[in-house]
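Bear in mind these aren't lab numbers, they're just calculated from the coordinates by the rules spelled out. The structure displayed is predicted, hence computed values, not measured ones. Quick reminder, even Gly has a Cβ in these numbers, built from the backbone with ideal geometry, and neighbours come from all protein chains shown.
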Amino acid sequence: MRARWKLLRYRLEEWIVRAIADVIPRLPHSVAYQLAVGVGALAARLDWHGWEIALTNLEAAFGDRFSPAQRERIARESYQQFAATMVNLFWSPRLNRENFSELLEFEGLELLQDSLGAGNPRIFACLHYGDFELLSLASGWLEIESFLVTQEFKNPRLDPIFNHLRTRSGHQIVPRDGAIMRLYRVLQRGGSLAILIDFALQLHQPSVAIDCFGLKTSATFAHAWLANRTGAHIIPVHSEPLAGGRSRVIFHPEIEIPQGATNQKVAQLCWDRFESIVRQEPSPWMWMYKYWRYEPADATRPYPSYARLNPRFGDLIAQRSRRSHEMTRP
């Protein structure tokens, strides 16, 4: 009975998502954007679990910098930004190589384009900030076609819908199983790829401990491992929201990787490039995500309420300390 209900629910979700994908592109963009703002505000009221995660994240990250009312405003705007990101993805069939600049402007693009070319592999480090979906599509229309690793949905019927939307500008989706070696071969051929670096991994997944808002978290080091093995350049890029659902895509100077840097060091350098952006304007980040899954036993600051003690996380932090000590040993 449970399996039958699950199948029925998956089919219903697929029908709803396909209906949304059919309706949204028929709307003027201004109407679609206002719809996203309203849906985001409603989701902030109805999604009690995500709302509590967002508030505890903001309190842990910023302490008393923001009042409770300000934290609620930031959390609500975060929901609205995420809703706008999804609506723009569904609206994107109206966009193409000729007109996508109506919703986007760029910063740092000239320097980047001068360095692109065959045999010059690039890893674009991104985060869940602003309209990260439109950022990805835009890079494809700029002829920076990349390979993407995406998070599969619990409902596998949704994956083909979103993958179709995400690959419209020329990108290719890489399945998560065996992804690291597939991406390695892409870079070896001089290709480009994009990796979201702000996922907090579970401890059974390959991860390193980095500092994020002064708190320890378990982060991916896939981009660091790939750069170290292939010599690829890591280019941070993020999307800055503008009025009316438009965005500014900002390409940053490449990460300067010190000789002999560990994967943890490279992962930390990448995050450090983004943290100041989130600190300055926190609303566009996806605060309803569990960025700090684990709390160290010797924590000197409060962690989010969902964070759990785990001895293996202490081992991960200690491993970082040992490697740092080895790097500085005369």
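Points worth noting:
- Stokes-Einstein translational diffusion, the chain - Kirkwood Rh over all Cα pairs, 1.567 mPa s, 4 °C, in µm²/s: 62
- Electrostatic bookkeeping for Glu152 treats Lys and Arg as +1 and Asp and Glu as -1; over the other residues with beta carbon under 13 Å from its beta carbon, the sum is +2.
- Where Cα atoms sit under 21 Å apart: lysine pairs in region 2-328 separated by 8 or more or lying on different chains: 4
- Cα Rg, Dmax, region 219-330, angstrom units: 16.8, 56
- Nearest-20 debye value, region 60-135 charge dipole, Cβ charges on Lys, Arg, Asp, Glu: 320
- Order of Cys126, Cys270 - criterion: other Cβ atoms within 10 Å of each residue's Cβ, fewest first: Cys126, Cys270
- Since only Asn120, Gln81, Thr217 are under comparison, the one whose Cα sits farthest along the positive direction of the charge dipole of the chain, derived from C-beta charges on Lys, Arg, Asp and Glu, is Thr217.
- Under 5 Å between amide hydrogens, built in the peptide plane, is the criterion, and for Leu196 it picks out Cys126 among residues at least 5 positions away or on other chains.
- Only helices enter the 222 nm calculation for the chain: every DSSP H run of n ≥ 4 contributes -39,500 (n - 2.57), and dividing by all residues gives -15500 deg cm²/dmol, rounded to 500.
- Contact order normalised by residue count of region 84-181, Cα under 8 Å, 6+ apart, percent: 35
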